[in-house]
Structures are given as C-alpha cells and as structure tokens.
Amino acid sequence: MSERDSNTGDAHDVTPYAPGAGTVRVDDSGGGIVGNEFAEVGVAVDHSGNGPRLRLEDYRTGRVRNLDALELETIIWLPEERLTQLLDPSTTRWREEPDR
Amino acid sequence: MTAVTDSPLTLRQVEEFLYREARYADEHDYDAWEALWTDDALYWVPAGDATSDPATSMSIIHDNRNRISTRLNQLRTGKRYSQSPPSNLRRILSNIEILGVAGGDTEVGANFVLVESTSRGMETWAGRTTYRLRVVDGEVRLAYKKVLLVNRDQPIRTMAFLI
Amino acid sequence: MTTTVPDSARATSRPDYAALIEPSRVHGSLYTDPRVFADELERIWYRSWVFVGHESEVPESGDYVRKSIGPQDIIMTRGRDGDVHLVFNRCAHRGNLVCEDARGNANAFRCPYHGWTYRNTGELLGYPYNKGYGGKGNLDLSLGRVPRVDSYRGFVFASLAEDGPTLAEHLGAAAGEIDRLARLSPEGRIDLGAGWLQHRTRANWKLLAENETDGYHPQFVHSSIFSVTGSPIGPLYSDNSTAVTRDLGNGHSENDLRPEFRRHGETLRWFGTSESRVPNYVARMREAYGEAAEDILVEGAPHVMIFPNLFIAEIQVFVIQPLSVDECVQHSTAVQLGGAEELNSRMVSQSIGSVGPAGMLLADDTEMYERNQRGLEMRQPEWLDIRRGMHREALDEDGYRTGAATDETGIRGFWTHYRRLMEVDT
C-alpha cells in the first residue's frame, strides 16, 4: 500500500511551499526553507562568488543576508544571552531609531 | 503520471462511476459498494498532516481490501451501534477532474459535501477525494480512495459510515 | 455595584458531593450539572496531576506541540536546557494566542498581534518599539507557566496547584503499570510520536473514564466486531474469565488480564500474534531481559486508567479532554516501543482499525457515551448503579481491592477518589 503511494505519489494533495524561481539556489548542499509559524527563511549555499557563502532570505520581506564561514562560526560561538538579545524585536527591526 | 488524454475513461464515464459509488455509500448498500473495489484496494482517510506515512502515523481510516471487508461485515451485523440505526446521508460531488494516469489507473480528483442526519442532529462533512479507477474485464473498479477531510486536523465526530 | 456573597451562601450553592456519591450509586446530576463541571475544573483539572503529553512528542530542542489541560490550551516545549516545559498559550500583553500551529520547532515564540517575543520556556525576551515602556527589559511579565511539571518514563504530567501530592504519590501503584508497558520495549523506551486522532464526543468526561476499565460492556458494545473477526478479546471479559478488575487507589484502576494470558502461557497471545511473525523483536527481548522475557512476553501490556485522563489500553494510549459538562475530546494514538520496529507498524495498523472516529471499537464506545449522556437527562430514576461485584471483591496480597473481570470495582475506585477531591474546600 505504502509502496503504491511512493511510486505514484500524491502530488495533488500536497503543495510544498515553493519560492519564486531563481530566488534561492537549492543545491546539493541541502538548501531549502527553514520555516515555522513565526518566520520563513530560505537557506542556500551560494557558489556565485569566489568561495561559498550562506545565502539567507526572509521570505516575508524579501530581505537577504549573506553570511561567510567566519560569520557563521561566530554565530555558533555567540553566548546564549547575546542571541536572546537579538530576538528582542526592538533590538533589530522594530525600534524607534532609524536604521544606520 | 502521463497526460490526461491517455486515460482509458472519459470524464462522463468517470462521473457515472463516482456518482454510483457515492450513492451506494449514502444508501448503505454495502454489497454493491464492496463489489466496486479491486483486490489491491486502499481506502484511506488521513488525520492531521496529510503527508505523514500511514505505516508509522495514525490515520482515521487506512483499510486494505481485507479490512474493508471486516468493516463492512461489522456494519452488516446490525450491531455496529455507531451505525445502528444508520445515519441518513446525502453527498454532493463536484469539481470532478481526471488528473492523469498512473500505472494504468485513472487518477481522479473531486470535492464533496456530505450531510449526515442522526438523532443527535445534522453534521456537515466536506473534503477532497482522490480516486484511482481501473478497468477490469470491461468494468470500472475502484483501486484507491483517499479522502482528505477539510477538518482532519481538528477533533471530529464519530464517522462510522462510509465516507 | 459591589455585592458580597456571604461565605455560607456560597458554600450552600455548591452541590453536596457526599449526598450525591454513595458507595453503590452516584447521582445523575454529576454528569449533567454545569456547576459540577465548574467545580471539577477547579478541584480536579486545575489542581490534581493531569497527563499532558509524552516527551517523545518533543524529541529535539526547540520542538513544541499544542496540548491541553481540560479546556486550557497548553504549549509543551523542549527548551535548550533539554527539559520539557509547559506554558499557557496566552500572550502576557493582551491575551492573544501566541502559537497557532499544532506543532513546530521554535526556540522563541513571537505573538502575531504586537510582536511580543518569548523564549519557549515562557520568558519575555522583548517587545517592539520599547520606548513606549521606557526601554527594554522593563516588564516583569512572561507566558503563564504551569506551576508543577513532572514526568514518569516520559509521560509528562502537570498540576496547576503550587503544592500538593507529588506525581509519584499521585501515580502510586499505577506507575508499575507504566513500567509494564515500558518493559515491552527491549530498550525500555515508550514513544508516543505516531500522531493523535481527535474524536469529539458529546458526553461528560466521567462516562469515558469509568468505561475504560469497565469489563462488563465489551461483550455487548463490541460483539459486532468480536463476531466478525473471531477476536479472543470477548472471553477475557466474561464471568468465566480469570482476569480481575483492580482498584489501584487514587482513582486509578485496571483490568488485569495477566491471569488469562498466564493460563494460556503463550508468548504474544496478548497481541494476537506469535513469535514467528516478529522474530527480531522476540530475539531482542530475550537478549535484553534474559529469562524474565518469557513472563513479559506472555503477560503483555497493561489496561489501566490513570485518573483523571490517561488510559493505557494495551497498545493504545487515550487522553480524555473535557470541554464542558457534556462535551469532550478523546485523543488516541498507538504505542510505539523503542527497538520494536516489527511490533510498531502492527501497533499503528491495529490502532487505526480500532480507535478514533471510525474505529471499529471506539466508534461504538463513543455511541454509548453519547446515548448515555442523553439518557442521563431523563429525570428518573436519578441514580446510576455501580454496585456490581461489591459482594465478591476482596483485597489482594498488596492490599488493593480486586473484583472479577466484569465487576465495577474500578468505577467505585474512581468515585471514591473523585469524592475526596471534590469535597475539599478551596
């Protein structure tokens, strides 16, 4: 039964979230979408430069940020409380001061 | 899946079959309904996440041919209390489309609205059904029926009739 | 206008539970009176230990699932600390639901109304445009936290009371039944991650709780499926059965089927299969438990109702969620055992066949609950009789009251504990 399902698929029942063509390069590195009910971010390793970098796209606003290896390593080492501070909405997007 | 035009069945033939299947279910004609199924039948009503694997996740119904028989035999005893007396049922099928052909089976999609009346009151059921139809010895038969209830992620009332 | 209701008047407005609950009968209004339900929420559901979910439902850090304590919407989360946390799904700002999805992975929740952001343990991390609050970190607010959370073999329980009996004290002998279930896994591990069916039921929750270890009904309610499948379950619940019904104390009860399975002495008979069908499982069990494996494989899984809402029915787990005096939801899933792959797919398949809105067993139980609820609206004879087997029950060697397979010993145990909780003054 399940074999049948996997052979023929249930393509009509499920429409996976699909970003616009060319928005994200999904490659062998396992790029894809990291989404939950609070945010939806496209993740892909981008090879268009001289070396690879992580391309992140906020699907709700279209804002993109590229992170290189050292930046990623830094995030891994970020103390928990620093990450927590960044999650405070008024630290980043929703603050009275204009962006610099 | 190949092009729709490869289907051995016309849309009219498909409609006639689906309406007949619906009528048998509405009217609790268990013998006629059972005779529609192929031996490799699958009658599936997923719960919650429709993409989950029925071998490892709970479904509302996941009957192979054997279990379809068991289900109908239980109903035939007349002591399946959740269907004794049987619900009064009428369903409307619409948006019927031939979706393609897979392994010789014609895959069909349709929407339905079903009204159930019991002594507890009226209950409305609705959803999307995917059928796989196969021509066996010149007869249209049902190999697969998957019913995605619109409220499959919510608590639902007893559904002991044929959906 | 302020009107003070005198304490005496308030007291007399409550139902008199001592008068409504007698050893051999209980009053019908306990199932139909909204005042009783309101009392139950305060005295049982928001005070006693209540089963919420299983740790296996949130295996990874950041995982969350929406669960319930009666009508309360609770989020069960796995924090970065690795612990399971329970928080109320209600923003501390204006009371909006913080989570809408049934499950997901998030270390932080952001309320969609005004963007208040919380750690998945409840701590308020911030709010947009903080000058309106004089800067950041100025609010001493958080998601509501369940005061007491504890777990036993991964089964997570909550108590909304700051203090009271411990979970171990509440579970008492019922903990041993959970042990029995875990022992069926060669790794001693239970997994409840197969997803829950949700069955809406127009009946008072107590009808369900009482029915779970009522060995008197199967031959009637389930005769249709027993006759069609030739199931050996029916004879377990007859006057010829050597199975017993046991009051485990604290409202818990069981149908102990082990005497019947020991009498037959066949491994896996309790699961309706034989060793040749699941050879790897049997081998792993013998490897893990040695000689003890024989008894485990013969005796099978428990059939135990853990007050007020957790029912382990051999290979299924049910959770009873009351919504109002005459409405509840039954949540049901298949037990999955660590290291028992051969058994697990069979348990899912059997459970799908048996439980939930279309289940060949549970649809009929639920039909009875709903007819029962309507019957109880009739004015006469007012009482429900629960005396079956009173004359023949006895204390077993461990001091637990034990009756025959079809006796209402478990139901009486339920009401003894219920009355104790309901009579307490708040």
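Tabulated data for the structure shown
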{"read-out": "Other protein chain Cβ atoms within 10 Å, averaged over every residue that makes up B:107-116", "value": "1"}
{"read-out": "Part-to-part distance (alpha-carbon centres) for the range B:28-59 and the range C:100-165, which is given in Å", "value": "40"}
{"read-out": "List of the range A:59-100 residues, accessible area with partners at least 30 Å² below that of the chain alone (1.4 Å probe)", "value": "A:GLU80, A:THR84, A:LEU87, A:ASP88, A:PRO89, A:SER90, A:TRP94, A:GLU96"}
{"read-out": "Calculated FRET value between C:ASN138 and B:MET122, using beta carbons and R₀ = 56 Å, to 0.05", "value": "0.60"}
{"read-out": "Helical contribution to [θ] at 222 nm, DSSP H n ≥ 4, -39,500 (n - 2.57), averaged over chain C, rounded to 500", "value": "-8000 deg cm²/dmol"}
{"read-out": "List C:ASP326, C:ASP179, ordered by accessible area with a 1.4 Å probe, largest first", "value": "C:ASP326, C:ASP179"}
{"read-out": "Inter-probe distance in nm under a simple model that places probes 7 Å from Cα toward Cβ, at A:ASP68 and C:ARG374", "value": "7.4"}
{"read-out": "Spacing of the two label points (7 Å from each Cα toward its C-beta) at C:GLU423 and C:LEU395, in nm", "value": "2.0"}
{"read-out": "Over the protein assembly as shown, volume per residue of the alpha carbon convex hull, in Å³", "value": "213"}
{"read-out": "Pairs of alpha carbons in the range B:110-160 whose separation is greater than 15 Å (percent)", "value": "58"}
{"read-out": "MRE, 222 nm, helices only [DSSP H, n ≥ 4, -39500 (n - 2.57), over chain B, to nearest 500]", "value": "-6500 deg cm²/dmol"}
{"read-out": "Residues with amide H under 5 Å from that of B:ARG120, placed H, sequence gap 5 or more", "value": "none"}
{"read-out": "Mean accessible surface per residue for chain C, computed with a 1.4 Å probe while every protein chain stays in place, in Å²", "value": "41"}
{"read-out": "Accessible area of the range C:175-309 belonging to carbon and sulfur atoms, whole % at 1.4 Å probe", "value": "46"}
{"read-out": "Heavy-atom accessible area order for C:GLU42, C:GLU370, C:GLU393, largest first, 1.4 Å probe", "value": "C:GLU42, C:GLU393, C:GLU370"}
{"read-out": "Solvent exposure of the range B:25-158 as accessible area per residue, Å², 1.4 Å probe", "value": "38"}
{"read-out": "Amide H contacts under 5 Å for B:VAL101, placed H, 5+ residues apart", "value": "B:THR2, B:GLU107"}
{"read-out": "Cα pair count fraction exceeding 22 Å, expressed as % - chain B", "value": "42"}
{"read-out": "Residues along the range C:222-260 losing 40 Å² or more of accessible surface when the other protein chains are present rather than the chain by itself (probe 1.4 Å)", "value": "C:SER224, C:VAL228"}
{"read-out": "Computed label-point distance, nm, for sites C:LYS131 and C:PHE220 using a 7 Å Cα→Cβ extension", "value": "7.3"}
{"read-out": "Shielding by partners, peptide C:344-350 (average Cβ within 10 angstrom, other chains)", "value": "3"}
{"read-out": "Stretch gain in nm, segment C:TRP383-C:GLU287, where the contour uses 0.36 nm per residue and the Cα spacing is subtracted", "value": "29.2 nm"}
{"read-out": "Sulfur and carbon atoms: percent of accessible area, the range C:51-152 [1.4 Å]", "value": "42"}
{"read-out": "Residues A:ARG95 and C:THR242, FRET efficiency given R0 of 51 Å [Cβ-Cβ distance, rounded to 0.05]", "value": "0.10"}
{"read-out": "Note, ³J(HN,Hα) from phi for the range C:395-412, Karplus 6.51, -1.76, 1.60, rounded to Hz, x at Gly and Pro", "value": "7, 7, 4, 8, x, 8, 5, 10, x, 6, 4, 9, 8, 8, 4, x, 5, 5"}
{"read-out": "Other protein chain Cβ atoms within 10 Å, averaged over every residue that makes up B:69-77", "value": "4"}
{"read-out": "Peptide ranges C:341-347, B:127-133, A:60-66 listed from the most packed, as the mean C-beta count within 10 angstrom indicates", "value": "B:127-133, C:341-347, A:60-66"}
{"read-out": "Per-pair calculated FRET efficiency, R0 = 60 Å: B:ARG90 and C:THR416 via Cβ, rounded to 0.05", "value": "0.80"}
{"read-out": "For the range C:126-141, residues shielded by at least 40 square angstrom of accessible area compared with the chain on its own, probe 1.4 Å", "value": "C:TYR129, C:LYS131, C:LYS136"}
{"read-out": "Interface burial for A against C (accessible surface, 1.4 Å probe, total of both chains, Å², rounded to 100)", "value": "1700"}
{"read-out": "Gaussian network model of chain C, Cα within-10 Å springs - most flexible of C:ALA182, C:ALA404, C:ALA92", "value": "C:ALA92"}
{"read-out": "Separation between Cα centres of the range B:89-134 and the range C:370-393, rounded to whole Å", "value": "42"}
{"read-out": "Amide H contacts under 5 Å for A:ASN66, placed H, 5+ residues apart", "value": "A:LEU56"}
{"read-out": "Distance between the range A:58-99 and the range C:257-285 - C-alpha centres, whole angstrom", "value": "56"}
{"read-out": "Whole-Hz ³J(HN,Hα) from phi, Karplus 6.51 cos²θ - 1.76 cosθ + 1.60, for the range B:99-112, glycine and proline x", "value": "8, x, 10, 10, x, x, 8, 8, 9, 10, x, 7, 9, 9"}
{"read-out": "Whole-Hz ³J(HN,Hα) from phi, Karplus 6.51 cos²θ - 1.76 cosθ + 1.60, for the range C:236-252, glycine and proline x", "value": "5, 10, 9, 6, 8, 6, 8, 5, 10, 9, 10, 8, 8, x, 6, x, 7"}
{"read-out": "Accessible surface buried once C binds B (1.4 Å probe; total of both sides; Å²)", "value": "3100"}
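The values are calculated or read from the model by the stated rules, or taken from the named source; none is laboratory data. What you are looking at is a predicted structure, and each value in this text was computed from that prediction instead of being measured. With ideal geometry, Cβ positions are generated from the backbone for all residues, glycine too; neighbour counts draw on all protein chains shown. The protein model used for the area step is the full one, side chains on, heavy atoms only, and it has no ligands, DNA or RNA in it. Shrake-Rupley method; radii C 1.70, N 1.55, O 1.52, S 1.80 Å.
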